[in-house]
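Please read the structure below before turning to the comments.
The values are calculated or read from the model by the stated rules, or taken from the named source; none is laboratory data. The structure displayed is predicted, hence computed values, not measured ones. Cβ placement follows ideal geometry from the backbone for every residue including glycine, while neighbour counts extend to all protein chains displayed. In case anyone asks, the SASA skips ligands and DNA or RNA and just uses the protein heavy atoms, side chains included. Shrake-Rupley method; radii C 1.70, N 1.55, O 1.52, S 1.80 Å.
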Amino acid sequence: MFTAEQLSRFSELDSRLYQYILSHGEKVIYMRIRELAEATHVSPTSILRFCNKLDCEGYSEFKTKLKLYLQESGKAPLNESYETMNEFLERTLKTDYQSQINEIAEKVAEAEHVVFLGTGSSGILAEYGARYFSSLNKFSSAINDPFFPIHGKQIKDSIAIVLSVSGETPHIISQMHNLKEEGAAIVSITNTKTCTAAQIADYSLAYYISTEFNDTANITTQLPVLYLIETLGRVTFEKVKD
């Protein structure tokens, strides 16, 4: 994380930051730049200069590198759900999420039927999504069985909302292909836009958060997925009313 060359460029303020980060790294990865400035009694500008000396373009990149360093050394704590959700909501204000959701809601409102698709924890959210949309006057169903047969003329005018953290689950990818062959439109809600599920989909929403595992269990927070499901459901409800 800190090379000898980088350390040699440190000023007195940089050394103060360095010592604090070494002692409180598990807290720093969740701190905003102003919070770190207050804790170390230096200015945010000094922190940015510190980050530049570590070959980071900014404070966000520095926190990402620090978190990876802590994970590799076995010192990283579990992500705070509050901080993860807060970062996600901040990103939604800086991107075109709303225009994407409006476009997708138009298609969902026009569809004859809505199908939510997912397995594991995403399967549980698929059931929640189907119930939530149905409660908002858009009847929906959920498929969380990876071997559920997908056939029938009703599929042609439907839209499938696919939930997957990785977007690489083989059974989900296979079912997406089946749905497309039957004529369904596909919406993916995944962690990235570069995954296979997002590439196959007609419309994609990505939430970009750090994935987490406890041994082999995926414990990545699903709060952003809930936000996207509920937001899409409410916008669809307004489209259906109109």
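Structural remarks
- Hits in region 50-67 - residues which are in a helix (DSSP H, G or I) and closer than 16 Å to F10 by Cα: F50, C51, N52, K53, F62
- For region 175-199, a residue qualifies if it is in contact (Cβ under 8 Å) with a residue 12 or more places away in the chain, open to solvent by 20 Å² or more (accessible area, probe 1.4 Å) and more than 17 Å from Q100 (Cβ to Cβ), and the qualifying residues are H177, N178, K180, E182, G183, T196.
- Total residues in region 136-145, condition open to solvent by 30 Å² or more (accessible area, probe 1.4 Å), free of Cβ contacts under 8 Å to residues at least 40 places away in the same chain and not charged (D, E, K, R): 4
- In region 89-132, of all residues being in a helix (DSSP H, G or I), polar (S, T, N, Q) and surrounded by fewer than 21 Cβ atoms within 10 Å (Cβ to Cβ), the one that is modelled with the lowest pLDDT corresponds to T92.
- Picking from residues in region 146-174 that are in contact with a Cys (Cβ under 9 Å, 6 or more places away or on another chain) and open to solvent by 40 Å² or more (accessible area, probe 1.4 Å), the one that is nearest to T231 (Cα to Cα) is S166.
- Filtered residues of region 2-50 (kept if surrounded by 16 or more Cβ atoms within 10 Å (Cβ to Cβ) and within 14 Å of Y69 (Cβ to Cβ)): Y18, I21, G25, V28, I29
- The set of residues from region 182-206 being within 14 Å of the chain's Cα centre (by Cα), closer than 24 Å to S158 by Cβ and of a type in the set (S, T, Y) comprises S188, T190, S204.
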